[in-house]
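The values are calculated or read from the model by the stated rules, or taken from the named source; none is laboratory data. Quick caveat, the model's predicted, so the values are computed rather than measured. So basically every Cβ, Gly included, is an ideal-geometry build from the backbone, and we count neighbours across all protein chains shown. These accessible areas exclude ligands, DNA and RNA; they are computed on the full protein's heavy atoms, side chains included. Shrake-Rupley method; radii C 1.70, N 1.55, O 1.52, S 1.80 Å.
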Amino acid sequence: MRSRRGLLGTALASLTILTSFLLVPSPAQAYGSLTVKWARVDTDNCNRLSGNLPVTSFSNGCMLYDSADDTFFEKDAGGVAVKIELHDGSGLVAKVEFHPLGEKLYVYDTRNDSDTVYTWLRVGGHSYGPWSAPGTSAPVEHRVVDTSIAEGTYLLVDIYDDNGHSDYITSKSGSA
């Protein structure tokens, strides 16, 4: 009888351990329905080439306001800057910016919700990335990537809701 209790106890302990593995919280659900707002901006004169974000021109560059930390594209003759904002029903969840002056990509996570976006750059038939915000507990976090793209090079900024290129959100073009 004692050995049956021992086996039963071992079996229950094993079941408890197995159950604890099954009850581990799953990764954050992918963003549901998102509204994409964007602007492609000629950084020579601050003209908005396409998109729906307002652009304000200053003598030294172009300002695009947002609820995280705003965006300022410095003047860069021949450059086309890209700003993409992703919103859900509660507001801004992420934003991605390509700055032609210095060829820098900024990837922001603007909500501490255990989810993020993944960004790739497509340049000349090659895809580089993914890049995402660092994933800290800060309410707004970002990563800056020095892309070293040659001046005048056409590029595409691709945004996905997963690291595996399968949950596509949007893509916008720019120029270094």
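List of remarks:
- Magnitude of the charge dipole for the range 35-175, about its Cα centre and with charges confined to Cβ atoms of Lys, Arg (+1) and Asp, Glu (-1), is about 320 debye.
- The range 136-143 - phi-based ³J(HN,Hα) in whole Hz, Karplus 6.51/-1.76/1.60, Gly and Pro as x: 9, 8, 5, x, 10, 9, 8, 10
- Note on the range 78-176: with neighbouring protein chains present and a 1.4 Å probe, carbon and sulfur make up 48 percent of its accessible heavy-atom surface.
- Near V117, the amide H atoms lying under 5 Å from its own belong to A133; only residues 5 or more places off or on other chains count, and H is placed 1.01 Å from N.
- Here's the picture: charge each Lys and Arg Cβ at +1 and each Asp and Glu Cβ at -1 in the range 35-175, and of N45, S175, T110 the one pushed furthest to the positive end of that dipole is N45.
- Taken one residue at a time, the phi angles of the range 88-100 give Karplus couplings (6.51, -1.76, 1.60, θ = phi - 60°) of 10, x, 9, x, 5, 10, 6, 8, 9, 9, 10, 9, x Hz. Gly and Pro are set to x.
- Shown in residue order for the range 160-169 are the 3J(HN,Hα) couplings computed by the Karplus curve 6.51 cos²θ - 1.76 cosθ + 1.60 at θ = phi - 60°: 10, 9, 8, 6, x, 6, 10, 10, 5, 10 Hz (x for Gly and Pro).
- Within the range 53-80, backbone nitrogen closer than 20 Å to the virtual label 7 Å beyond the Cα of V144 toward Cβ: 60-77, 79-80
- Per residue solvent-accessible surface (Å²) - the range 35-175, probe of 1.4 Å: 45 Å²
- Amide hydrogen proximity for I169: with H placed 1.01 Å from N in the peptide plane, the residues at 5 or more positions away or on another chain lying under 5 Å are I159, Y160, D161.
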